[in-house]
Amino acid sequence: MILWRLLGTLCFFLLPLAGALAQERLLNITTSPAKEGEPFEVRIEPPQNVSISRAIVRFRVYGTSEYRIVEAQPEGNRYVARISGEEVEPPAIEFYVIAQLTDGSRLTFPALTPETTPASITVMPKPENDQLILISPERGAFISEDELVISFSFYRISSKIDRSKLQLFYDGTDVTPRAIISENMITYVPDRPRPGRSKVTVVARDSNNVVITTNSVTFTVISRLDVGKPVRSEIEQRKPRFTSQNAAEVRSERINDSTINYARLNVNFDATLDFLSVGAQVYITNENQAFRQPANRFLGRIGLPFVEVKAGDVFPEYTYYLSNGVRVRGVEFNATPGFIRTTVLVGNAADGFDAQFVGGRVTIPVNSPNRSDSITALLQRGFVRIDSSAAGETFQQRTALGAFSRNIFAAVAGVKTDLVSFNLQVLRGSDDITGLNRFQILQRGVAPQQNVAIGAGLKVIPVAGLAEIFADVGFSLSNRDITNGSLTPQQLDELTGNVGVAERLQSIPIIGSYNNLTNLITINQNLTPLLPIDLSSLAFRFGGELNIREIGNTTRFEYLRQGSQFNSFGLAFYLPDVQGFRISDRLRLLDSRLIFTAAFESLSDNLLRQRDRVLRVGGTLDATTTRSLFRFGAAAFPGNQLPNVRLEVQFQGNKNNIGATFRDSVEVNSIIQVATLSGLALQNDNTTFTFLGDIQKAFDLQNQITLTLGLTGIFTNRNDNRDLSLSRTDVIYSPLDSQQVSQNFSSRAIVLSSSFAFAIPLRLNVNFTNQQSEFFVLDPAQAGSRPAPRKQTQTFTAIDIGVGYAFLNSTLRPTIRTALNFGDFPRTQLGLNLAYDVAQSVQLSGDVAAFFVQATNVNGVVIRASTDIVAALRLQANFGN
């Protein structure tokens, strides 16, 4: 979907506000159309001059607060994350992307506050196919083998289809020859329908063999002897089945006069035989390097009734606050006897490797006359101390940081019934420094850490489908640097000022001794929280959901408090130091053709008052910032050739309690006096308004041509409510006050998309985009004067054209595309893609793209002219029954 490629650029416009404006740091995001119940794809392309080593997508349904995670897999020159159709619900799906680049940096999309302001895609409700209408059986029905009749009506398109090209598939088998085709209907009555879950698909084509529409239905056939009896479980119904999805790819990139070649192999296999299920996933690439975290992926699994074992790369999601998708390479054991659930995981979340150095070593002797100055000069040039002896200290220039192997142990125990679900989890993570001396640890450039966390999750469903209550909690002990090991009991007493604290700790039965405790977590000045225990390492939330199906209304409420020091090595993302509530409501009317949504959120930070300013005259300035967010949306999917429309407005305010001025004592001309000081640099006071409008309409033109048009507009305006004039003569302004820049910001993004479908296998897509943003920056300080704020305007205009045709009975499908970018980021892209179906389940595709980047200067960032070429060849084969 072109919209989010353009919104990726919009996020790029926001980067100056974060001090990170550079074209090399733009993630290019596109998505597939979002339709209810169908898989949804997020496609991630890296910035120029660098590749992606790993990318994950966290997503949620609009109005809910829980994010789920899926890891993107490399395909061609991009990464693709696929979200299951079960998770795609109207009115929208929200997501954000976290991408780890090969240069060690990390990018997100959106670029700013991704968790709180994720990307939002309209989800089209799944109305019944009004061209190929299902007559029987009902969707999801359990039906006797004697009563199964499969029937579809195509009376609305009877003049367009070729009845001789109709196809009916029953569990993948073409049964069209045994079906009855009348003027407006196709009917099939199986002689001996297979008991169990089945799927039927109908495909309608025109005289040119072009697919007009399809429709599917799933149902479960039960034996006549089982009518009236409880339906057998899905495990009991399973038959021997296997699926295999495989791909091999080679790719070459020529960027900035350097060439990089890639090779990748992806193999996926799953099989079930009676009560046994097995599976394997293998992803191998030449991008795997010794001085980076592993790019290869391996996973094998074997499942029996009530037991499953996985070995390889797993992405555990156990409890909300302890595990939400961090990769662990190890062994996972799951046991589910009855309503009991137990899981044990042992493995590594990261590999260890040395830092990378360049050049020779420099030793500064102990008796060097300018020893201190020489060491300072080396440190300023990027040298680090790698050794020390009686003779002197040795330094070398470090070019890349190292890492420590991170050991992970997690255990989960709980119960799950129709009424209640409860899980208790413990997690311990520790960076392995075994066999390393202090200098070997320090030269890696990162501190080894430890983490112990305990958490629980509870869900109660008093009335299925109507009400749900949930609660989650987590507590952690984290050590930011375990290099020097634990303190002795006496040192701990001195550090905490609490004599005998170690003795009291070891008197706790579960601990037993101080030594046992230090084996669990290193105790030193880097431990948080250090005694006394406070709420900074506690995180919890609770809430509920009410679903009134009779009126199509769903309401959800959540309260949360997340401490600033809480941490879990199993978390991919965590928002610290916030508390507040969220409430959302969704109303579906007219069979989901009209959907209203509303959400309100109020969150505040500074939970332990650590940001407050203590005044010399007594008292404090409350620096707590409260963020209030209100969203309202409406979406209409009327059908009957009417356009689909979605509108959404959002108001967000950020404000703390610090006023424009405050009274405090200050030294003026060597005299201490009480004066009026400016609070400008301490203030946070802004409001943001965003409007999104989206309209889509399909037109049936002459000669069986269909034109689909879309118009999307996104308008954002932020107002800084602070007084930046510095004009009051009775107020003392600080140097930080003079460096404040207006947070006023405005942006406009307009996207016009069009696609043509012809009677011949020709397709044409044309998209036009125009974006403009305005924001303020500070000019370099003039001698003896205040830096002057300056308003900057950035514009971006793009035209994207794609033309595709199908040859050889649609088995060969070339696509030519071009993209012309104008404004502040001039670039031209030309590309060709060829896809060839070697067999029904084997596809060969090739892609080549050329990027012509024009030299420009964007806010002082020089972008030189270049011609970049990316080429890829991919073979994909899928098998199964």
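The values are calculated or read from the model by the stated rules, or taken from the named source; none is laboratory data. Treat the numbers as computed from the prediction; the structure is a model and nothing was measured. For neighbour counting, all protein chains shown are included, and Cβ atoms are generated from backbone atoms with ideal geometry for every residue, glycine included. Please note that ligands, DNA and RNA were not included when accessible areas were found on the heavy atoms of the full protein model with its side chains. Shrake-Rupley method; radii C 1.70, N 1.55, O 1.52, S 1.80 Å.
A few remarks follow.
- Three principal axis lengths of the stretch 579-646 [C-alpha, angstrom, descending]: 71, 17, 12
- Each principal axis of the Cα cloud of the stretch 816-881 was taken in turn, and the coordinate range along them, longest first, works out to 58, 19, 16 Å.
- Per-residue ³J(HN,Hα) for the stretch 605-613, Karplus 6.51 cos²θ - 1.76 cosθ + 1.60, θ = phi - 60°, Hz, x for Gly and Pro: 10, 6, 5, 9, 6, 6, 9, 5, 9
- The base-10 log of I(q)/I(0) for the stretch 356-400, evaluated at q = 0.14, 0.23, 0.31 Å⁻¹, reads -0.29, -0.75, -1.17 [Debye formula, identical scatterers on Cα atoms, solvent excluded].
- Kirkwood hydrodynamic radius of the stretch 133-226, Cα pairs, Å: 13.6 Å
- For Arg341, nonlocal amide neighbours, meaning residues 5 or more places apart or on other chains whose placed amide H falls under 5 Å from its own, are Gly414, Val415, Lys416.
- Unsatisfied cross-links (Cα-Cα over 27 Å) in the set Lys165/Lys199; Lys35/Lys459; Lys160/Lys697; Lys310/Lys416: Lys35/Lys459
- Rg(Cα) / (2.2 N^0.38 Å) computed for the stretch 335-460, rounded to two decimals: 1.70
- Secondary-structure-derived ellipticity at 222 nm for the chain, considering helices only, amounts to -1500 deg cm²/dmol, per-run term -39500 (n - 2.57) for DSSP H runs with n ≥ 4.
- For the chain, the spread of Cα coordinates along the three principal axes comes to 101, 65, 59 Å, biggest extent given first.
- Percent RCO, i.e. relative contact order, over the stretch 133-226, from Cα pairs under 8 Å lying at least 6 residues apart: 37 percent
- Backbone amide hydrogens, once placed in the peptide plane, bring Ile212 within less than 5 Å of Ala204, Arg205, Asp206, excluding anything fewer than 5 places away on its chain.
- Between the amide H of Ala55 and those of Ala72, Gln100, distances stay under 5 Å, these residues lying 5 or more places away or on another chain, with hydrogens modeled in the peptide plane.
- The relative contact order of the stretch 463-515, computed from alpha carbon pairs under 8 Å that lie at least 6 residues apart in sequence, is 19 percent.
- Phi to ³J(HN,Hα) by Karplus 6.51 cos²θ - 1.76 cosθ + 1.60 over the stretch 841-854, Hz, x for Gly, Pro: 10, 10, 10, 10, 9, x, 9, 9, 9, 10, 10, 10, 9, 8
- Per residue, the average separation of C-alpha pairs within less than 8 Å and at least 6 apart gives the chain a relative contact order of 7 percent.
- Most positive-pole-ward Cα, Val344, Ile56, Gly455, against dipole of the chain from beta carbon charges: Ile56
- Per-residue HN-Hα couplings for the stretch 303-309 [Karplus 6.51, -1.76, 1.60; θ = phi - 60°; Hz; x = Gly/Pro]: x, 10, x, 6, 9, 9, 10
- Student exercise, the chain dipole from Lys, Arg, Asp, Glu Cβ charges, in Debye to nearest 20: 700 debye
- Of Tyr96, Tyr733, the residue with the largest accessible area leads and the full order is Tyr733, Tyr96 (1.4 Å probe).
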